[in-house]
Amino acid sequence: MVKSKFSNDDLTRWKREINPAPIMGSRISLRRENSEYLAVCPFHPDKNPSCKVWKSDEGVWGFKCFGCGEAGNVFQFVQKFDQIPFTVAVAKVLTE
């Protein structure tokens, strides 16, 4: 059963604790570069790695495409890539 609402505290904690590389890497090809990851963006026609995955100074994992501007966290990436509702994306990330 999909939980219909997640607390902000839970989401913030998960965005810090869950390394998105294995989850995103099952959908796109990631290349590790020091503590960050680079990828060809799946959200626009892209030939060169323009998408970066990194951990912010606040300890939250995120992604940003410097080509199309798409950005967010692992839940938002899965939501957009898999074309599913946010709550379903959260549940999916938690089980991957």
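Which of the strands (runs of 3 or more DSSP E) found entirely inside the chain contain at least 2 residues meeting this: under 10 Å from the mean Cα position of the chain (by Cα) and free of Cβ contacts under 8 Å to residues at least 60 places away in the same chain? Spell out how you get there, then give the answer.
On the way: elements: 30-33, 36-39, 51-55, 61-65.
Passing ranges, in order: 51-55, 61-65.
Can you name the residue in segment 53-85 that is in contact with a strand residue (DSSP E or B) (Cβ under 7 Å, 6 or more places away or on another chain) and among the polar types (S, T, N, Q) and, of all such residues, is surrounded by the most Cβ atoms within 10 Å (Cβ to Cβ)?
Asn73
So, Ser50, is that one of a type in the set (Ser, Thr, Tyr), closer than 22 Å to Arg16 by Cβ and open to solvent by less than 70 Å² (accessible area, probe 1.4 Å) or not?
Details: of a type in the set (Ser, Thr, Tyr): yes; closer than 22 Å to Arg16 by Cβ: no; open to solvent by less than 70 Å² (accessible area, probe 1.4 Å): yes.
In short, no.
Do you know which residues across segment 38-92 are under 13 Å from Lys15 (Cβ atoms) and acidic (Asp, Glu)?
Once the filter is applied, which keeps residues that are under 13 Å from Lys15 (Cβ atoms) and acidic (Asp, Glu), segment 38-92 yields only Glu58.
Quick one: Thr95 ticks every box in (1) modelled with pLDDT under 95; (2) more than 22 Å from Asp9 (Cβ to Cβ); (3) out of contact with any strand residue (DSSP E or B) (no Cβ under 6 Å at 6 or more places or on another chain); (4) open to solvent by 50 Å² or more (accessible area, probe 1.4 Å) except a single one, so which number is it?
All conditions pass for Thr95, except number (2).
The values are calculated or read from the model by the stated rules, or taken from the named source; none is laboratory data. The structure displayed is predicted, hence computed values, not measured ones. In this analysis, Cβ positions are derived from the backbone assuming ideal geometry, glycine residues included, and neighbour counts consider all displayed protein chains. We work out accessible area using only protein heavy atoms, side chains counted, and drop any ligands, DNA or RNA first. Shrake-Rupley method; radii C 1.70, N 1.55, O 1.52, S 1.80 Å.
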